[in-house]
Amino acid sequence: MAAAFVMALCLYFRLTWLLAGYIMFAMTMLLGYTGGFMLFTTLTAYRVPMSYPTMVILMWNFAIVGVISIFYQRGVPRSLTQWYLIAVGSIMAWTLSKFPEWTSWALLLM
């Protein structure tokens with residue numbers, strides 16, 4: 001409720017740059033942190049070793065290239081942008097599948 005109110009205030013006062021920055025930050029966290037957690041879970045399930053610094057650098061690059069390909073589409077191949085949008089959808093679906101069923105439906109209805 002508070003987040004929607006702040007977003008409405010930003011639109012009312014024409015602070016769209018602030019909203020764009022927030023959305024880019026949220027997308028970076030989604031691709032970097034949540035995508036990294038998904039990768040860590042997969043690597044643990046298949047018992048694939050990976051060092052922590054390697055994982056951080058890999059997910060940082062994954063997140064930054066994703067934000068650039070989604071929001072700054074000049075010079076970026078369309079297939080890369082589409083691939084990242086599919087990755088965002090997959091990460092969100094995986095995240096929602098971890099919640100109880102009623103929580104997932106409530107979030108989808110909101």
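The values are calculated or read from the model by the stated rules, or taken from the named source; none is laboratory data. Model, not experiment: these values are computed from the prediction. Here Cβ is always computed from backbone atoms with ideal geometry, including for glycine, and neighbour counts include all displayed protein chains. Accessible surface areas use protein heavy atoms only, side chains included; no ligands, DNA or RNA. Shrake-Rupley method; radii C 1.70, N 1.55, O 1.52, S 1.80 Å.
Quick notes on this one:
- When segment 47-70 is filtered for residues that are loosely packed, with under 14 Cβ neighbours inside 10 Å and in contact with a helix residue (DSSP H, G or I) (Cβ under 6 Å, 6 or more places away or on another chain), only MET50 remains.
- Selection status of LEU11, among the aliphatic types (A, V, I, L, M) and open to solvent by 90 Å² or more (accessible area, probe 1.4 Å): yes
- Helices (runs of 4 or more DSSP H) within the chain that include 1 or more residues touching a Leu at 6+ places or on another chain (Cβ under 6 Å) and free of Cβ contacts under 8 Å to residues at least 24 places away in the same chain: 2-12, 52-71, 101-109
- Residue within segment 94-106 that is open to solvent by less than 90 Å² (accessible area, probe 1.4 Å), at pLDDT below 90, of a type outside the set (Val, Ile, Thr) and more than 19 Å from the chain's Cα centre (by Cα) present: yes
- Between GLY32, GLY75, GLY36, GLY21, the distinction of being small (Gly, Ala, Ser) and open to solvent by 80 Å² or more (accessible area, probe 1.4 Å) belongs to GLY75 only.
- Residues of segment 38-92 that are β-branched (Val, Ile, Thr), under 18 Å from MET27 (Cα atoms) and under 17 Å from the mean Cα position of the chain (by Cα): VAL56, ILE57, ILE64, VAL65, VAL67, ILE68, ILE70, THR81, ILE86, VAL88, ILE91.
- Scanning segment 29-44 for residues that are within 20 Å of MET92 (Cβ to Cβ) and of a type in the set (A, V, I, L, M) returns MET29, LEU30, LEU31, MET38, LEU39.
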